[in-house]
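The values are calculated or read from the model by the stated rules, or taken from the named source; none is laboratory data. Remember, predicted model here, so these are calculated numbers, not experimental data. Note that each Cβ is placed from the backbone with ideal geometry, even for glycine, and that neighbours are counted across all protein chains shown. Side chains are part of the model used for accessible areas, which takes the heavy atoms of the whole protein and leaves out ligands, DNA and RNA. Shrake-Rupley method; radii C 1.70, N 1.55, O 1.52, S 1.80 Å.
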Amino acid sequence: YPEELAWHTNLSRKILRKSPELERFHQFLVSETECGNISRQEAVSMIPPLLLNVSPHHKILDMCAAPGSKTAQLIEMLHADMNVPFPKGFVIANDVDNKRCYLLVHQAKRLNSPCIMVVNHDASSIPNLQIDIDGKKEVLFYDRILCDVPCSGDGTMRKNIDVWKKWTTQNSLQLHGLQLRIATRGVEQLAEGGRMVYSTCSLNPIENEAVIAALLDKSQGALELADVSSELPGLKRMPGITKWKVMLKDGQWFEEWKDVPPNRQTQIRPTMFPIKEEEKLKAMNLERCLRILPHHQNTGGFFVAVLIKKSPMPWNKRQPKINQKLPQRTGDTVETAANLDEGTENITEEPALAENEESKKMQNLQKPDTEQSKKEGVCGPPPSKKMKLFGFKEDPFVFLPEDDPLFLPIQKFYALDPSFPKVNLLTRTQEGKKRQLYMVSKELRNVLLNNSERMKVINTGIKVWSRNSDGEQFGCAFRLAQEGIYTLYPFIHARIINVCIEDVKILLTQENPFLSKFSSETQKKVKDMAMGSIVLKYDPDPEKPDSLQCPIVLCGWQGKTSLRAFVPKNERLHYLRMMGVEVFKAKRKEEESEGKTEEEVECKQAQLEEGMDVEDNKHDSVTKMEAETGEESSNAPVESSAMEVECKTVDLEELSKNANNHV
């Protein structure tokens, strides 16, 4: 793994949870995972994002993204330069299962990125999106696509006992068609010169080489398999295979399509068989595929193929049939839009859209209220009735108008830089008081505004401000949110207090400490500042190499006689660990004080770990989740007030009063 950022343990989940000797390590893993500093996943699942070769400016589509471990890798690659708050690229993470989308949101939210959008569509018919480029509508093509398709999961046989009980050859025969449709839809939306990685956690050639061979065959030279033998040099791999047979559930084997009896030709399709023409087979270079076998390096089984698009797909070169003639009534316009929304397996990428004058005119004849909502920056749910038959009803995404009076007090209070992209601020409330303000990148704003009727967006944006009724009397009704502070900080020029390492420890370990507990320098700075939301910044001292050498930015609140930090609990524990403060005993004491039994603690940890090890089993149904069941706010980490983490007596009455604030 690049820069040695991955670590491997042979411990099973059961041993990790139950062993008293590993309790401290287990708590460290759970806590750091929850605040986004660690992602736990199967080792081989990390391979596909690495082979995508992502750069911060790339537009990326993750077609079958849940539960989101690979998506997290992609987001990290976008933010390779931590000094750039808004990379030019973005990740659109899609999944067909509405419930799994909320698990995906939970995973992505840990990384606090303004460049991620979670959508809910069938990957085999995911709609074409449009973006505005210099005032012209153009089809969005992706630079990188991750196509980690649903599979039989037979490569996970080491950890997944169900595979031994339920596996049949029928699984692959049923999935082959879906896998091919998803891969086909992926390459249609790939930009020329772009790279798509196709992967499964299966070792069956029907799901792997057969899909790739069929895709290469019908691409007629538009696609090629990339040679990645020099990438990831430490990885033990096997080449793709070129010969295989197809077997039915009853044990019948077939070598060629012509051998299949007519009554079996609905179960077995021609694309499942290897290519017989030697020259064509050699030109495909199927040996460039990667097969990872479990016994080679103590992992799961995995298949990966890297495809590069050299030219438009042959079925996209013709003029698109859609929008060939102008509609005569507004109703026709709506009907056409609805047909586009629902999509089919043969949706085209429409490369000739820019040249098609009639289609340009068609785009201008939009429904009046849709046009009006776009002007107001409202991205509501899609109008297609089909979309509303499942899942939760999502709130609209409403961008703040440039002249919104809500923003002026915020701008003045925090002395925001003139370069601050206020047009990228959005809320989830169309009417009434705006409780939270979120921020997206300029590129994602472009996607949202131009495709609200095409796609079902589950979540996007990072929370940067929260309404605080007490703040209005101090000049600003919105306080800073910790999850968005690293995005906002470069634009803030007021309300910043530089603190020393001892002050940071006090802020993170004490509940609402008095100002007298802080250093004299901090007290002087606070004295001249009005009450309200503040930024607490720690800069490392190079002359003290033994002290913490990474900068810290915290959100806080200045009262009359006290100073407090508004930071989620697991993030507090992270910073304290970095400073060498022991947090293990305190966490255990806290759980005992709240009356939790050992079983309840284990249940909580199991919920936190849910989804970490299901990355390769996309065909399994998702267990019911308690938190991710609806509104976006349920996915956001709760910002609690400080906990006592020193080994002191815990006031049970105080804990019961503040129980609702605890994570």
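For segment 2-47, filtering for residues that are outside any loop (DSSP other than H, G, I, E, B), open to solvent by 50 Å² or more (accessible area, probe 1.4 Å) and aliphatic (A, V, I, L, M) leaves 1.
Whether a residue is out of contact with any Cys (no Cβ under 9 Å at 6 or more places or on another chain) and without any contact (Cβ under 8 Å) to a residue 40 or more places away in the chain was assessed, and Lys18 passes this test. Of all residues in segment 283-312, those that are within 27 Å of Gln189 (Cα to Cα) and not aromatic (Phe, Trp, Tyr) total 18. Among Asn512, Asn468, which is the only one that is surrounded by fewer than 15 Cβ atoms within 10 Å (Cβ to Cβ) and modelled with pLDDT under 90? Within the list Asn512, Asn468, the selection yields Asn512.
Taking the listed residues Thr266, Thr200, Thr271, Thr184, the one that is over 27 Å from Gly300 (Cβ atoms) and among the hydroxyl-bearing types (Ser, Thr, Tyr) is Thr266, with no other qualifying.
Among the residues of segment 236-258, is there at least one that is charged (D, E, K, R), open to solvent by less than 70 Å² (accessible area, probe 1.4 Å) and either out of contact with any His (no Cβ under 9 Å at 6 or more places or on another chain) or not assigned by the TED database to the domain that holds Arg288 (or both)? Checked segment 236-258: at least one residue is charged (D, E, K, R), open to solvent by less than 70 Å² (accessible area, probe 1.4 Å) and either out of contact with any His (no Cβ under 9 Å at 6 or more places or on another chain) or not assigned by the TED database to the domain that holds Arg288 (or both). State yes or no: is Ser31 hydroxyl-bearing (Ser, Thr, Tyr) and outside the structural domain of Leu146 (by the TED database)? For Ser31, the condition - hydroxyl-bearing (Ser, Thr, Tyr) and outside the structural domain of Leu146 (by the TED database) - is met. Going by the structure shown, is Val535 at pLDDT 90 or above, under 32 Å from the mean Cα position of the chain (by Cα) and either within 21 Å of Pro513 (Cβ to Cβ) or β-branched (Val, Ile, Thr) (or both)? Yes, satisfied. Trp244 meets all of the listed conditions (1) in contact (Cβ under 8 Å) with a residue 40 or more places away in the chain; (2) assigned to a loop (DSSP other than H, G, I, E, B) but one, namely (1).
Would you check which residues across segment 419-436 are of a type in the set (S, T, N, Q) and either open to solvent by 60 Å² or more (accessible area, probe 1.4 Å) or without any contact (Cβ under 8 Å) to a residue 12 or more places away in the chain (or both) and list them? Within segment 419-436, Ser419, Gln430 qualify.
Answer with yes or no whether Thr9 is closer than 22 Å to Leu232 by Cβ, β-branched (Val, Ile, Thr) and modelled with pLDDT under 90.
yes
Looking at segment 113-147 only, could you name the residues that are free of Cβ contacts under 8 Å to residues at least 40 places away in the same chain and assigned to a loop (DSSP other than H, G, I, E, B)? Correct list: Asp134, Gly135.
Against the test of being more than 26 Å from Lys412 (Cα to Cα), modelled with pLDDT of 90 or more and assigned by the TED database to the domain that holds Lys505, the options Leu563, Leu548, Leu554, Leu576 yield a single qualifying residue, Leu576.
When Val119, Val139 are checked against the criterion of being within 18 Å of the chain's Cα centre (by Cα) and not hydroxyl-bearing (Ser, Thr, Tyr), a single residue qualifies: Val119. Scanning segment 69-112 for residues being in a loop (DSSP other than H, G, I, E, B), closer than 21 Å to Pro127 by Cα and in contact with a helix residue (DSSP H, G or I) (Cβ under 7 Å, 6 or more places away or on another chain) gives a total of 3. Going through (1) over 17 Å from the mean Cα position of the chain (by Cα); (2) open to solvent by less than 40 Å² (accessible area, probe 1.4 Å) one by one, Val91 falls short only on (1). Phe413: surrounded by 15 or more Cβ atoms within 10 Å (Cβ to Cβ), at pLDDT 85 or above and in a loop (DSSP other than H, G, I, E, B), yes or no? Answer is no for this residue. Residues that are among the aliphatic types (A, V, I, L, M) and assigned to a helix (DSSP H, G or I) were ranked within segment 148-194; the one that is farthest from Ala66 (Cα to Cα) is Leu173.
Kindly evaluate Pro294 against the criterion of being closer than 26 Å to Pro150 by Cβ, surrounded by 12 or more Cβ atoms within 10 Å (Cβ to Cβ) and assigned by the TED database to the domain that holds Leu178.
yes
Restricted to segment 121-153, and to residues there that are farther than 19 Å from Ile458 by Cα and of a type in the set (D, E, K, R), the residue that is surrounded by the fewest Cβ atoms within 10 Å (Cβ to Cβ) is Asp134. Among the numbered conditions (1) open to solvent by 30 Å² or more (accessible area, probe 1.4 Å); (2) at pLDDT 95 or above; (3) in contact with a Gly (Cβ under 9 Å, 6 or more places away or on another chain), the only one that Arg181 does not meet is (3). Scanning segment 515-559 for residues that are surrounded by 13 or more Cβ atoms within 10 Å (Cβ to Cβ) and of a type in the set (S, T, N, Q) yields a total of 6.
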